[in-house]
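S.K.: Have a look at this one before I ask anything.
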Amino acid sequence: MSEPTRLRPLKEAARITQMLDLVLGANRFDRAPVDVIRLALEYSRQIAPDSPIHEVVERNIPGCVGALVYGEARPRQWAIMYHAGQSDGRRSFTVGHEFAHYLLHRQLIEQDRCFDSGIYCDENSVDRRAGVGIEQEADEFTAALLMPLHDFRRQQPAKARVDFDKLSLLAKRYGVSLTAAVLRWLEYTETRAMMVVSNEGFAHWAKPSDPALKSGRFIRTKNTVYELPSQAFAARRDYSDAALTGVVQQAGVWFPEPVHEICLRSDRYDQEITVLQFEADSPRFQAEEEENDVFDLFVRNGQAPDR
């Protein structure tokens, strides 16, 4: 992916973030999260008055969590759909994801024959943030818009450890799901940490922080079955206060070193969220470039995003 293309989702999110900060104040998250539905409707009318998003609606779309669709008439009229039954937090990220497709990809979606009157996005692409190409770009935009790193870092410093109280406050502050808040934290934390999402004793998927990955601490879940350690809270179905507070699992339980484990059960989505935090730094396992939030790059260089 070329540099301009790679940075485009973050530049677009930075532009809107700066606009919202200017209009609502830099402390706007102290009052309320981004009203992404209102933003999608009003902003699309400003930038494309002849072809805006004219509605954001709940629909039953099995196999998908969200979609951006357009009508047959020209100029095109667009709509965002989100699958029924989503929590408010998941709905916000879903709508943001489809709004990103509108801003970044609507010409491609309209012109490319592989799209049938729109784009339909599944759980893997949105909730797990495991998509590629334009799905990855939509996720990057949404995370940066709903949870700007310059504010997120002030609430949760990069070197600080987390617990579920902190993570829940972050999720509430930004109006997103707990999963989305954990994933955002993992993107910038300088600690070695990992999230594992599981059910019935097996990991569905897992995401390490960059420092954890570089030290060789990761779990493979693609095309393989990963059984949780028998001592893990989720494997024991222990969702007590002790699981929320956590315990240090000894070396050999999860990895060849001790790790602090906390676990939370979501009955609504029939899954457990486990957060693992390693006790100390470790030598790098592999070298990878660290990516900076574009908004921070502009601020650091004394530049404002293009208007």
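S.K.: Can you work out which of the residues in segment 208-265 that are aromatic (Phe, Trp, Tyr) and touching a helix residue (DSSP H, G or I) at 6+ places or on another chain (Cβ under 8 Å) is nearest to Leu183 (Cα to Cα)? I'd like the intermediate steps shown before the answer.
M.R.: Keep residues of segment 208-265 that are aromatic (Phe, Trp, Tyr), which gives 218, 226, 233, 239, 254-255.
Still in the list and also touching a helix residue (DSSP H, G or I) at 6+ places or on another chain (Cβ under 8 Å): 218, 233, 239.
Values: Phe218: 14, Phe233: 20, Tyr239: 21 Å.
For segment 208-265, the residue satisfying everything is Phe218.
S.K.: Do you know which residues across segment 38-87 are charged (D, E, K, R) and under 19 Å from Val176 (Cβ atoms)?
M.R.: Looking only at segment 38-87, we keep the residues that are charged (D, E, K, R), and these are 38, 42, 45, 50, 55, 58-59, 72, 74, 76.
Arg38, Glu58 - these are the residues of segment 38-87 that are charged (D, E, K, R) and under 19 Å from Val176 (Cβ atoms).
S.K.: For the structure I just gave you, tell me whether Glu12 is at pLDDT below 95 and closer than 25 Å to Leu149 by Cβ. Show your work before the answer.
M.R.: Working: at pLDDT below 95: no; closer than 25 Å to Leu149 by Cβ: yes.
Here the answer is no, as Glu12 does not meet what is asked.
S.K.: Take Ile61 and tell me if it is part of a helix (DSSP H, G or I) and at pLDDT below 95. Walk me through how you get there before you give the answer.
M.R.: Numbers: part of a helix (DSSP H, G or I): no; at pLDDT below 95: yes.
For Ile61, the condition - part of a helix (DSSP H, G or I) and at pLDDT below 95 - is not met.
S.K.: Output the helices (runs of 4 or more DSSP H) that fall wholly within segment 225-307 and possess 2 or more residues being of a type in the set (A, V, I, L, M, F, W, C), at pLDDT below 95 and surrounded by 15 or more Cβ atoms within 10 Å (Cβ to Cβ), or say none.
M.R.: Working: elements: 233-236, 241-245, 294-300.
Those helices (runs of 4 or more DSSP H) span 294-300.
S.K.: Looking at segment 64-93, which of its residues are β-branched (Val, Ile, Thr) and in a strand (DSSP E or B)? Full working, then the answer.
M.R.: Filtering segment 64-93 down to residues β-branched (Val, Ile, Thr) leaves 65, 69, 80.
Residues satisfying the conditions are Val69, Ile80.
S.K.: Only residues in segment 242-270 that are assigned by TED's automatic domain parsing to the domain that holds Arg217 count as the first member; pair them with residues that are in a loop (DSSP other than H, G, I, E, B) and aromatic (Phe, Trp, Tyr), Cβ under 9 angstrom, at least 6 apart or cross-chain, and list the lot.
M.R.: Gln249/Phe255; Glu261/Trp254; Cys263/Tyr239; Leu264/Tyr239; Arg265/Tyr239
S.K.: What are the residue pairs meeting all of these: first residue in segment 180-195, first residue among the aliphatic types (A, V, I, L, M), second residue in a loop (DSSP other than H, G, I, E, B) and modelled with pLDDT under 95, Cβ atoms under 6 Å, and 6 or more apart or on different chains?
M.R.: Once the first residue is among the aliphatic types (A, V, I, L, M) and sits in segment 180-195, its partners that are in a loop (DSSP other than H, G, I, E, B) and modelled with pLDDT under 95 give Leu183/Arg129.
S.K.: Only residues that are part of a loop (DSSP other than H, G, I, E, B), surrounded by 10 or more Cβ atoms within 10 Å (Cβ to Cβ) and out of contact with any helix residue (DSSP H, G or I) (no Cβ under 7 Å at 6 or more places or on another chain): list them for segment 31-56, please.
M.R.: Filtering segment 31-56 down to residues part of a loop (DSSP other than H, G, I, E, B) leaves 31-35, 48-52.
Of the ones still in play, those that are also surrounded by 10 or more Cβ atoms within 10 Å (Cβ to Cβ) are 32-35, 48, 51-52.
Ala32, Asp35, Ala48, Ser51 - these are the residues of segment 31-56 that are part of a loop (DSSP other than H, G, I, E, B), surrounded by 10 or more Cβ atoms within 10 Å (Cβ to Cβ) and out of contact with any helix residue (DSSP H, G or I) (no Cβ under 7 Å at 6 or more places or on another chain).
S.K.: Working carefully through the options Arg8, Arg15, find the one that is basic (Lys, Arg), in contact with a Pro (Cβ under 9 Å, 6 or more places away or on another chain) and in contact (Cβ under 8 Å) with a residue 60 or more places away in the chain. Lay out the reasoning, then the answer.
M.R.: Working: Arg8 fails: in contact with a Pro (Cβ under 9 Å, 6 or more places away or on another chain).
The conditions single out Arg15.
Table: residues versus (1) part of a loop (DSSP other than H, G, I, E, B); (2) of a type in the set (D, E, K, R); (3) touching a Cys at 6+ places or on another chain (Cβ under 6 Å).
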{"position": "Arg161", "(1), (2), (3)": "yes, yes, no"}
{"position": "Arg173", "(1), (2), (3)": "no, yes, no"}
{"position": "Thr191", "(1), (2), (3)": "yes, no, no"}
{"position": "Met194", "(1), (2), (3)": "no, no, no"}
{"position": "Trp205", "(1), (2), (3)": "no, no, no"}
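S.K.: Another question, if that's okay. Can you tell me how many residues within segment 132-171 are crowded, with 17+ Cβ neighbours inside 10 Å, within 11 Å of the chain's Cα centre (by Cα) and without any contact (Cβ under 8 Å) to a residue 24 or more places away in the chain?
M.R.: Qualifying residue count for the region: 0.
S.K.: While we're here: Here are some residues: Arg59, Arg28, Arg74. Which one is more than 19 Å from Ala143 (Cα to Cα), among the basic types (Lys, Arg) and surrounded by 11 or more Cβ atoms within 10 Å (Cβ to Cβ)?
M.R.: Details: Arg28 fails: more than 19 Å from Ala143 (Cα to Cα); Arg74 fails: surrounded by 11 or more Cβ atoms within 10 Å (Cβ to Cβ).
The match here is Arg59.
S.K.: Return the pair list, or none, for Cβ contacts closer than 7 Å from residues in segment 86-113 that are more than 14 Å from Arg8 (Cβ to Cβ) to residues that are among the charged types (D, E, K, R), at least 6 apart or on different chains.
M.R.: Here the result reads Ser87/Arg268; Arg90/Asp127; His97/Asp139; Glu110/Arg76, each pair linking segment 86-113 to a residue that is among the charged types (D, E, K, R).
The values are calculated or read from the model by the stated rules, or taken from the named source; none is laboratory data. Computed from a prediction, not measured in an experiment: that's the story for all the values here. All Cβ positions, glycine included, derive from the backbone under ideal geometry; neighbour counts span all protein chains shown.
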